[in-house]
Amino acid sequence: GVVCSRPMPRDHHVRRALALQRDPSLPPSLELTEGLCAIARPDGAMKERIERRADPPSCRGGCAVRRFFERAAAEGAAVELDVGAGYGRFARAHAAAHPELRVLAIEQESARVARSDVISRRAGQTNLAYLVAEARYALEFCVPPESVAAAFLLFPDPWPKDRHARNRLFRAPVVSLLHRLLRRGGVLHAATDDAAYFAQMLDVMRDDARFEPAPPYARGEDEKTDFEIKFLGQGRTVRAASWRKR
């Protein structure tokens, strides 16, 4: 995994999970770098460094995220993003089902990433890497333009209260970031159990002429997220849609 932020103090198991992730008896991670960059709190200076392709001092041996994309390009492998990967169930299953891909899972909770990374390393997965970061900042600062074949936004936080709706991830500014990162013909996939949020997604994409509707991605049983399994168990309806970059 690619680790780029400090542990989240509200997760009571974070230290144990991170210690397990660094167990020397585990197979090597695809890319495990502690303290890669202060992506959780980007500033103008960091953005300038990235634009100059100058790594901050904490990037030991260079930027691991940049190396991930450069290696994928050299191998002719398409890169897909799992934005807000949660506990990583979808990312692991998707990477396992498509060994020809390189999957980058973005998640801000360090403990969730650590636990998922341990599972994927024990399974011998070599085409899945993790980036611990707030999704919007990672998309803006870390992912190269036109480098992504598909992006998945599965069950993002619905922020159901009206006064919090502006915090939703699936909004026009983030869609613009994803449009910049997707290559021509790249696909944006989304799913949610929240009817109001799904209606907002459809409204955002209906007004964006840069995308056209595409068949929803059919996820297998193994590719259901932990949250999705929970919601289905509660009798909720899962809604999904996809859009292709023109």
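The values are calculated or read from the model by the stated rules, or taken from the named source; none is laboratory data. As the structure is a computational prediction, the values presented were derived from the model and not from experiment. Glycine gets a Cβ as well: all are built from the backbone with ideal geometry, and neighbour counts include every protein chain shown. Only protein heavy atoms, including side chains, enter the accessible area calculation; ligands, DNA and RNA are left aside. Shrake-Rupley method; radii C 1.70, N 1.55, O 1.52, S 1.80 Å.
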Problem set entry | Mean accessible surface per residue for the stretch 104-218, computed with a 1.4 Å probe while every protein chain stays in place, in Å² | 43 Å²
For this session: Set Lys and Arg Cβ to +1 and Asp and Glu Cβ to -1, take the dipole of the stretch 88-246 about its Cα centre, and tell me which of Asn127, Phe152, Pro173 lies farthest positive.
Result: Pro173
Seminar exercise, completed: Expressed in angstrom and rounded, the centroid-to-centroid distance over alpha carbons for the stretch 73-145 and the stretch 217-242 is 19 Å
Problem set entry | Within the accessible area of the stretch 136-246 (1.4 Å probe), percent carbon and sulfur | 51 percent
